[in-house]
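Remarks on the structure that follows.
The values are calculated or read from the model by the stated rules, or taken from the named source; none is laboratory data. What you see is a predicted model, and the numbers here were worked out from it, not measured in a lab. No Cβ is skipped: glycine too gets one built from the backbone with ideal geometry, and neighbour counts run over all protein chains shown. Keep in mind that these areas ignore ligands, DNA and RNA; they rest on the heavy atoms of the full protein, side chains included. Shrake-Rupley method; radii C 1.70, N 1.55, O 1.52, S 1.80 Å.
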Amino acid sequence: MSILGIGDITTGDRIELAVATGEAHIAYVHRLEVDILGQRLGIPVAFCPGWPSGTQNLLGMRGFLDQLLVGLDHAAKTLFVSAKR
């Protein structure tokens with residue numbers, strides 16, 4: 001089975017992730033190219049076969065959100081996102 005073009009997710013760099021409860025899970029990081037807001041970004045994606053929710057691919061602060069400017073207008077229930085240049 002291929003996930004986002006990766007045949008074996010365990011070939012990535014092995015790291016340990018933790019959920020809010022402190023429970024640890026093993027994940028494998030692969031660098032992928034994704035299109036966000038018309039910008040092509042190279043980002044690390046962690047794949048975690050044992051993640052509690054069943055979601056296997058995770059985007060995080062490092063490499064993804066640190067390339068974006070994100071703002072929230074809570075009263076207007078509006079989220080603003082822009083790619084950093």
Quick one: how many Å² of F64 are accessible to a 1.4 Å probe, rounded to 10?
30 Å²
Just reorder V81, V29 by solvent-accessible area, largest first, 1.4 Å probe, all chains present.
V81, V29
Kindly write out, for the range 14-26 in residue order, the coupling ³J(HN,Hα) from the Karplus curve 6.51 cos²θ - 1.76 cosθ + 1.60 (θ = phi - 60°), rounded to whole Hz, with x marking Gly and Pro.
7, 9, 10, 10, 10, 8, 4, 6, x, 5, 9, 9, 8
Determine which residues of the range 37-52 fall in the zone a paramagnetic label at A24 would reach in this model, i.e. backbone nitrogen under 17 Å from the point 7 Å along Cα→Cβ.
48-52
Note: D35 to L17 extended length (0.36 nm per residue) minus current alpha-carbon separation gives 4.0 nm
